[in-house]
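See structure below.
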């Protein structure tokens, strides 16, 4: 693995975790949203990750395709809606309450689950920044050998 691939792997993870944090922020911001442009209450969103090959220069990619050594980064494949049912609360005077039952449908966002997801994403982001800094430090030390 060359230094460029190590940087690309860490960069792909940083980008994926940034997207995850943005989706979590959106979920938390809309925890009480009972109306959306699509109609109905906000639905929680979740990020789907998948691995993706990381290559350096074209010659390296060609050489890697001939061997079993293919380094994997991460990418966001999709942002999907959570299929869990919406939360119902009895509030007959709410403008979005069902006139027949008096229940209001609120988003299926769980504050605790989102907070844990945010902490996990932040720790993964920090770990990848540490890996990036370690790679940068190793590259600097390798350059010092030539002095």
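The values are calculated or read from the model by the stated rules, or taken from the named source; none is laboratory data. These figures come from a predicted structure and were not determined experimentally. Cβ placement follows ideal geometry from the backbone for every residue including glycine, while neighbour counts extend to all protein chains displayed.
Points worth noting:
- Hits in the range 42-66 (condition: modelled with pLDDT of 90 or more, surrounded by 15 or more Cβ atoms within 10 Å (Cβ to Cβ) and under 21 Å from residue 11 (Cβ atoms)): 47, 49
- Within the range 116-137, the set of residues being more than 19 Å from residue 12 (Cβ to Cβ) and touching a residue at least 12 places away in the same chain (Cβ under 8 Å) comprises 117, 118.
- Where a residue in the range 73-88 is in a loop (DSSP other than H, G, I, E, B) and its partner, wherever it lies, is surrounded by 13 or more Cβ atoms within 10 Å (Cβ to Cβ), with Cβ under 6 Å and at least six apart: 82/44; 82/46; 82/108; 84/108; 86/41; 86/105; 86/108
- Residue tally, condition loosely packed, with under 14 Cβ neighbours inside 10 Å and under 22 Å from the mean Cα position of the chain (by Cα), over the range 1-21: 1
- Every listed requirement among (1) at pLDDT below 95; (2) surrounded by 15 or more Cβ atoms within 10 Å (Cβ to Cβ); (3) touching a strand residue (DSSP E or B) at 6+ places or on another chain (Cβ under 9 Å) is met by residue 131 save one, (3).
- Selected residue (criterion: surrounded by the fewest Cβ atoms within 10 Å (Cβ to Cβ)) from residues of the range 89-115 that are in a strand (DSSP E or B) and touching a residue at least 60 places away in the same chain (Cβ under 8 Å): 105
- Being at pLDDT 90 or above and in contact with a helix residue (DSSP H, G or I) (Cβ under 8 Å, 6 or more places away or on another chain) is a condition met by at least one residue of the range 77-92.
- Just so you know, in the range 22-41 the residues that are surrounded by 19 or more Cβ atoms within 10 Å (Cβ to Cβ) and in contact with a helix residue (DSSP H, G or I) (Cβ under 7 Å, 6 or more places away or on another chain) include one that is farthest from residue 77 (Cα to Cα), and it is 27.
- Looking at 38, 69, just one residue is farther than 30 Å from residue 138 by Cα, more than 12 Å from the chain's Cα centre (by Cα), at pLDDT below 90 and in a loop (DSSP other than H, G, I, E, B), and that residue is 38.
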